[in-house]
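The values are calculated or read from the model by the stated rules, or taken from the named source; none is laboratory data. All values derive from a computational prediction rather than experimental measurement. When we count neighbours, we look across all protein chains shown, and the Cβ atoms used for this are built from the backbone with ideal geometry, even at glycine. The area values use the complete protein model at the heavy-atom level, side chains included, leaving out ligands, DNA and RNA. Shrake-Rupley method; radii C 1.70, N 1.55, O 1.52, S 1.80 Å.
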Amino acid sequence: MKPELSVRRGSGILAHITSLPSPYGIGDIGFSSYAFLEFLARAGQGHWQFLPTGPGNSLFDNSPYMSTSAFAGSPLLISPDLLLEEQLIQEISLTNTPAFSEYKVEFAKVAAFKGQLLQEAFSNFSLKAPSFIDFKKNTPWLADYTLFMALKEELPDQGWFDWPADIATRKPKALKALRTKHQARIEYYAFEQFEFFRQWELLHNKAKKENIKLIGDIPIYVGWDSVDVWANQEIFTLDPQNHRPTYVAGVPPDYFSDTGQRWGNPLYRWQSTSPQIQKKLTDWWIERFRAVLQMVDTTRVDHFRGFESYWSIPEAEETAIQGEWLKGPGKLFFDKITTALGDLDIIAEDLGLVTPEVLDLRRSLGFPGMKVLLFAFDDNEDNHYLPHNYTSQNYVVYTGTHDNDTIVGWYLSEGLSPAQR
């Protein structure tokens, strides 16, 4: 068994970047984030955790867990102030900022505003800049992503699975013609990503200066309508005729839902007997871990238990009740990742229906697990979420998750007994 990772005790805050205060309708990776890092440092915190930072998909309500790409950054997180500092936009462009909601992100409104700013910045940017040329040359996922986004413009409100057959099935002749046809827009989307990662590097450097560790998030599954699935169809459970998933992800019925959760993401073909598919699937994951760990210091792996066993639901089922557990890739998978990338600084999200096999896998890899304080107070003195019942120090403890009420809401709820309070 691998020894537990030696990480000093610390504390931090989970707050997604989009939630930070900003005059532009959405938090960003410029001054919004800089101010938050300074706040964390003044408060004696050492960690900042956020949700996935990929581009949203309007077909799925811009959920960070249904992104159009597992590798790209969201252009909505790009800072207008930093574009101004670079002299890529004019100051007057920011004086006409629309009135945004103080309480929620109006994604369509923000996307329209930032789209105009980014188009202006692109028109003032030199495509011959050596740093931009190097970025395009050394970013392997970029070519597929930029073409995918250009096609999203040409074929709006359609998933890639509804595109013409020669595009959906990625016929080389069709893709070559499309790259020529959409060259200008392809360059624009490459610029968006170049600027995102340029600004992200500044943010990461700021975090290091403030001694704040960044904690990212890797969703185990990717969105069906994503460049990841379009460009790698053979590693997902898709019907080759209509490109629909044959089996989808979710979890069985539990405390939170009598019918389980049917997420709808296509599953990975972990059950395939093809060495070529298994290699491509592992290689894709290696590059995914590499990309995220270049951005952050630590990453939370969502639904870690799916690497031990995962719930497979026939696509035709409307609920998650009729699924079955299938074996995941297990320790051998992570051994291959470690061989390629070195030791992994990972937090394993091991909540939900966790079996001894899941715990054994996590412990064998030395990954810290998660504990949730709001799960602890049920009048059971043996509840393993109670801090005095933690079996080791290798945990990251959260007050709650997205499935919980807030702390105040929980405390004031009618269903709570005086003893629990």
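Which one of the conditions (1) out of contact with any helix residue (DSSP H, G or I) (no Cβ under 8 Å at 6 or more places or on another chain); (2) open to solvent by less than 30 Å² (accessible area, probe 1.4 Å); (3) at positive phi does ASP379 fail to meet, given that it meets all the rest?
With respect to (1) out of contact with any helix residue (DSSP H, G or I) (no Cβ under 8 Å at 6 or more places or on another chain); (2) open to solvent by less than 30 Å² (accessible area, probe 1.4 Å); (3) at positive phi, ASP379 is out only on (2).
How many residues does the stretch 75-93 contain that are open to solvent by 20 Å² or more (accessible area, probe 1.4 Å) and either closer than 20 Å to SER19 by Cα or without any contact (Cβ under 8 Å) to a residue 12 or more places away in the chain (or both)?
The total comes to 7.
Scan the stretch 144-165 residue by residue and report those that are closer than 18 Å to PHE196 by Cβ, touching a residue at least 40 places away in the same chain (Cβ under 8 Å) and either out of contact with any helix residue (DSSP H, G or I) (no Cβ under 6 Å at 6 or more places or on another chain) or not β-branched (Val, Ile, Thr) (or both).
The answer is ASP144, TYR145, PHE148, MET149, LYS152.
Can you tell me which residue within the stretch 25-56, out of those that are among the hydrophobic types (A, V, I, L, M, F, W, C) and part of a loop (DSSP other than H, G, I, E, B), is nearest to PRO219 (Cα to Cα)? Walk me through how you get there before you give the answer.
Within the stretch 25-56, the subset among the hydrophobic types (A, V, I, L, M, F, W, C) is 26, 29, 31, 35-37, 39-41, 43, 48, 50-51.
Now restrict to residues that are part of a loop (DSSP other than H, G, I, E, B): 26, 29, 43, 50-51.
Details: ILE26: 22, ILE29: 21, ALA43: 29, PHE50: 12, LEU51: 9 Å.
Of everything passing the filter in the stretch 25-56, LEU51 is nearest to PRO219 (Cα to Cα).
Taking PHE113 as the residue in question, decide whether it is under 25 Å from LEU142 (Cα atoms) and either open to solvent by 60 Å² or more (accessible area, probe 1.4 Å) or not in a loop (DSSP other than H, G, I, E, B) (or both). Walk me through it before giving the result.
On the way: under 25 Å from LEU142 (Cα atoms): yes; either open to solvent by 60 Å² or more (accessible area, probe 1.4 Å) or not in a loop (DSSP other than H, G, I, E, B) (or both): yes.
The answer is yes for PHE113.
Of the conditions (1) of a type in the set (A, V, I, L, M, F, W, C); (2) closer than 30 Å to GLY250 by Cβ; (3) touching a helix residue (DSSP H, G or I) at 6+ places or on another chain (Cβ under 9 Å); (4) in a helix (DSSP H, G or I), LEU59 clears all except one; give me its number.
Against the list (1) of a type in the set (A, V, I, L, M, F, W, C); (2) closer than 30 Å to GLY250 by Cβ; (3) touching a helix residue (DSSP H, G or I) at 6+ places or on another chain (Cβ under 9 Å); (4) in a helix (DSSP H, G or I), LEU59 comes up short only on (3).
Pairs needed: first member in the stretch 26-43, touching a residue at least 40 places away in the same chain (Cβ under 8 Å) and more than 12 Å from ASN205 (Cα to Cα); second member anywhere, open to solvent by 20 Å² or more (accessible area, probe 1.4 Å) and among the β-branched types (Val, Ile, Thr); C-beta distance under 7 Å; at least 6 residues apart or different chains.
Sorted first by the residue in the stretch 26-43, then by its partner, the pairs are ILE26/THR18; ILE26/VAL105; GLY27/THR18; LEU40/ILE13.
Looking at the stretch 337-373 only, could you name the residues that are buried (at least 17 other Cβ atoms within 10 Å of the Cβ) and either small (Gly, Ala, Ser) or part of a helix (DSSP H, G or I) (or both)?
Across the stretch 337-373, the qualifying residues are ILE337, ALA348, GLY352, VAL358, LEU361, ARG362, ARG363, LEU365, GLY366, GLY369.
Among the listed residues ALA184, ALA168, identify the single one that is at pLDDT 95 or above, surrounded by fewer than 15 Cβ atoms within 10 Å (Cβ to Cβ) and on the phi < 0 side of the Ramachandran plot.
Numbers: ALA168 fails: surrounded by fewer than 15 Cβ atoms within 10 Å (Cβ to Cβ).
After applying the criteria, what remains is ALA184.
Here's a check for you: in the stretch 143-162, which residue that is of a type outside the set (Gly, Ala, Ser) and in a loop (DSSP other than H, G, I, E, B) is modelled with the lowest pLDDT?
Checking each candidate, the answer is ASP157.
Test ASN205 against the stated conditions and say whether it is assigned to a loop (DSSP other than H, G, I, E, B), surrounded by fewer than 19 Cβ atoms within 10 Å (Cβ to Cβ) and either under 22 Å from the mean Cα position of the chain (by Cα) or not small (Gly, Ala, Ser) (or both).
So ASN205 does not fit the description; no.
When you scan the stretch 286-308, do you find a residue that is open to solvent by 20 Å² or more (accessible area, probe 1.4 Å) and over 24 Å from the mean Cα position of the chain (by Cα), even just one?
No, the stretch 286-308 has no match at all.
Just name the residue that is nearest to GLY330 (Cα to Cα) out of those in the stretch 255-284 that are touching a Leu at 6+ places or on another chain (Cβ under 7 Å) and open to solvent by 60 Å² or more (accessible area, probe 1.4 Å).
Among residues in the stretch 255-284 that are touching a Leu at 6+ places or on another chain (Cβ under 7 Å) and open to solvent by 60 Å² or more (accessible area, probe 1.4 Å), the one nearest to GLY330 (Cα to Cα) is GLN271.
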